[in-house]
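What follows is a short report on a single structure.
The values are calculated or read from the model by the stated rules, or taken from the named source; none is laboratory data. Fair warning: this is a prediction, and the values are worked out from it, not measured in the lab. Ideal geometry is used to build each Cβ from the backbone, glycine not excepted, and the neighbour counts take in all protein chains shown.
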Amino acid sequence: MPSTLASHVEENRQRTLEELKAFLRIPSISAQPEHDADVREAAEWLRSALERAGLEKARLIEGEGHPLVAAEWLRAPGKPTVLFYGHYDVQPPDPLDEWLSAPFEPELRGENLYARGAADDKGPTFLWVKAIEALMATTGELPVNVRVLCEGEEETNGAHIGNWLEKHAAEIPSDAIVVCDTEMFARDWPSITVGLRGIVYVEIEVRGARNDLHSGQYGGVAPNAVMAAAEIVTALKDRDGRIRVNHFFDDVEAPSEEELAQWAALPFNETEYLENEVGSIALTGEPGYSVLERVWARPTLEVHGIRGGYVGEGSKTVIPAKATVKLSCRLVPGQIAGDIVRRLEEALKLATPAGVVTSLTVLGSAPASLVDPSHPYLQLALQTMSGHFPNPASFIRCGGAIPIVGKFQSALRAPCILFGFGLPDDNLHAPNEKFYMPNFWRGIHVIADYLRRLADRPS
Ligand SMILES: [Zn+2]
């Protein structure tokens with residue numbers, strides 16, 4: 001038995017890498033039914049990896065959709081219980097011809113391991129499995145109690161894990177949930193995500209005349225549904241980027257001064273961001289807020305598409321009778337989806353011009369989630385991560401949603417700790433997805449170290 005965790009990890013480096021590659025070779029694409037057997041194979045592979053790591057009761061939990069993978073080790077009485085989450089399914093790899101190496105033939109180029117799922121989320125999942133394995137191998141036990149609950153339909157928004165949690169949360173009491181499915185702010189700038197925006201997605205239908213009309217015969221009298229749609233969307237948000245929906249901001253909870261100070265200290269360059277990431281001639285948005293505040297802590301209203309009228313080749317002189325607008329609002333902590341829908345409906349009534357009728361249909365919603373950064377487990381996570389990287393770790397937020405975070409927090413009443421080991425250029429969901437392997441090896445140490453430090457805290 002090697003004496004230290006570091007030497008154990010070092011001595012098993014090659015074997016660990018080969019195992020990760022084997023996991024990545026399984027094309028567990030949850031969106032495509034022809035890959036159902038592969039998704040199951042990945043579940044089974046993960047189950048046996050958990051067992052090999054030394055966890056007990058490693059099992060698949062069947063239900064509607066792809067199986068959950070669970071395991072536990074509960075032999076540290078009086079110590080906290082940490083639940084690890086990850087997902088073993090991946091996005092489809094298309095477009096295939098843009099990959100420099102085959103998506104399911106993992107290839108190490110430089111310090112990056114390229115494969116579909118390398119960063120999202122097999123690499124980050126496997127690193128905590130290896131942290132558990134290294135602790136078990138070097139000490140014969142774990143410093144805290146551990147549970148595992150992984151899913152195979154994260155990429156398809158499957159209902160299995162949420163439904164299971166609703167019924168069985170009481171069977172898996174936990175003090176903290178560790179999720180490794182996010183990214184660091186930048187290379188060498190470790191981060192823990194504590195805020196995720198939610199979303200309300202709606203479709204607005206605008207109806208004018210009974211059917212499309214000739215603009216020579218009826219132009220000047222008939223209502224134009226596309227013009228009306230344009231008037232409506234511009235009434236909802238002005239040209240300065242201010243959302244004009246009554247009471248829209250009433251429940252917005254602002255980030256703390258401390259959080260804002262951390263954001264201001266991040267290595268963020270607005271010019272580079274504009275040129276390299278956005279690629280437009282200027283950034284837009286709400287006046288008075290920094291870019292990071294606008295993408296992390298302010299709600300949005302964006303139009304995704306307007307359909308209506310004639311958009312084919314050449315000209316057709318038509319007055320459109322119908323137009324459809326796809327629109328969404330990103331929500332921030334404090335905002336409730338149902339309230340925002342009602343306020344949008346009222347704003348739509350006010351914005352609807354004469355001659356047309358409008359209706360609004362909700363296509364989907366997810367709440368925003370916030371983890372309390374002052375929670376001692378979060379503070380400990382920040383300190384632990386800081387010790388393994390060149391720069392201190394910071395709490396950041398994410399403009400998108402990770403619905404499982406809210407589900408875990410409300411079902412288990414415990415904080416979710418989102419350790420980010422991915423990098424912004426990992427090409428998630430895109431060709432040439434990769435994982436920066438130095439973060440894989442550091443991640444093993446971060447997680448092992450975190451569990452050890454948690455053991456010193458009462459549960
Ligand atoms: Zn993911």
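Things to note:
- Of Gly208, Gly162, all but one fail to be assigned by TED's automatic domain parsing to the domain that holds Asp121 and touching a residue at least 40 places away in the same chain (Cβ under 8 Å); the exception is Gly162.
- Of the residues making up the range 97-136, those that are of a type in the set (Gly, Ala, Ser), buried (at least 18 other Cβ atoms within 10 Å of the Cβ) and either at positive phi or out of contact with any Lys or Arg (no Cβ under 6 Å at 6 or more places or on another chain) (or both) are Ala115, Gly117, Ala119, Gly123, Ala131, Ala134.
- Looking across the range 41-64 at every residue that is surrounded by fewer than 18 Cβ atoms within 10 Å (Cβ to Cβ) and touching a residue at least 24 places away in the same chain (Cβ under 8 Å), the one that is farthest from Ser28 (Cα to Cα) is identified as Arg52.
- Test result for Ser365, surrounded by fewer than 17 Cβ atoms within 10 Å (Cβ to Cβ), hydroxyl-bearing (Ser, Thr, Tyr) and either in contact (Cβ under 8 Å) with a residue 60 or more places away in the chain or away from the ligand (no atom under 16 Å from the Cβ) (or both): no
The rows are residues; the columns are (1) within 16 Å of the ligand (Cβ to nearest atom); (2) surrounded by fewer than 20 Cβ atoms within 10 Å (Cβ to Cβ); (3) of a type in the set (Lys, Arg); (4) within 22 Å of Ala411 (Cα to Cα).
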{"residue": "Glu141", "(1), (2), (3), (4)": "no, yes, no, no"}
{"residue": "Asn145", "(1), (2), (3), (4)": "no, no, no, yes"}
{"residue": "Glu153", "(1), (2), (3), (4)": "yes, no, no, yes"}
{"residue": "Thr156", "(1), (2), (3), (4)": "yes, yes, no, yes"}
{"residue": "Ile177", "(1), (2), (3), (4)": "yes, no, no, yes"}
{"residue": "Ala186", "(1), (2), (3), (4)": "no, yes, no, no"}
{"residue": "Gly195", "(1), (2), (3), (4)": "no, no, no, yes"}
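- Total residues in the range 104-121 satisfying the condition of being assigned to a loop (DSSP other than H, G, I, E, B) and within 16 Å of the ligand (Cβ to nearest atom): the figure is 3.
- Per this entry, Thr81 is counted among residues that are within 30 Å of Ile172 (Cβ to Cβ) and surrounded by fewer than 24 Cβ atoms within 10 Å (Cβ to Cβ).
- On the stretch given as the range 225-246, residues that are outside any helix (DSSP H, G or I) and in contact (Cβ under 8 Å) with a residue 40 or more places away in the chain total 8.
- Looking across the range 58-102, the residues that are touching a Gly at 6+ places or on another chain (Cβ under 9 Å) and either at pLDDT below 95 or within 16 Å of the ligand (Cβ to nearest atom) (or both) come down to Glu64, Gly65, His66, Leu68, Val69, His87, Tyr88, Asp89, Val90, Gln91.
- When Val357 is tested against (1) among the aliphatic types (A, V, I, L, M); (2) surrounded by 16 or more Cβ atoms within 10 Å (Cβ to Cβ); (3) farther than 24 Å from Lys130 by Cα, only condition (2) is not met.
- Residue under evaluation Glu433, criteria (1) in contact with an Asp or Glu (Cβ under 9 Å, 6 or more places away or on another chain); (2) surrounded by fewer than 22 Cβ atoms within 10 Å (Cβ to Cβ), criterion not met: (2)
- Verdict on Ala169 being part of a helix (DSSP H, G or I) and within 14 Å of the ligand (Cβ to nearest atom): no
- Asn432 out of contact with any Cys (no Cβ under 8 Å at 6 or more places or on another chain), at positive phi and within 16 Å of the ligand (Cβ to nearest atom): no
- Set side by side, the residues Gly400, Gly406, Gly422 differ, and just one is within 16 Å of the ligand (Cβ to nearest atom) and surrounded by fewer than 19 Cβ atoms within 10 Å (Cβ to Cβ), which is Gly400.
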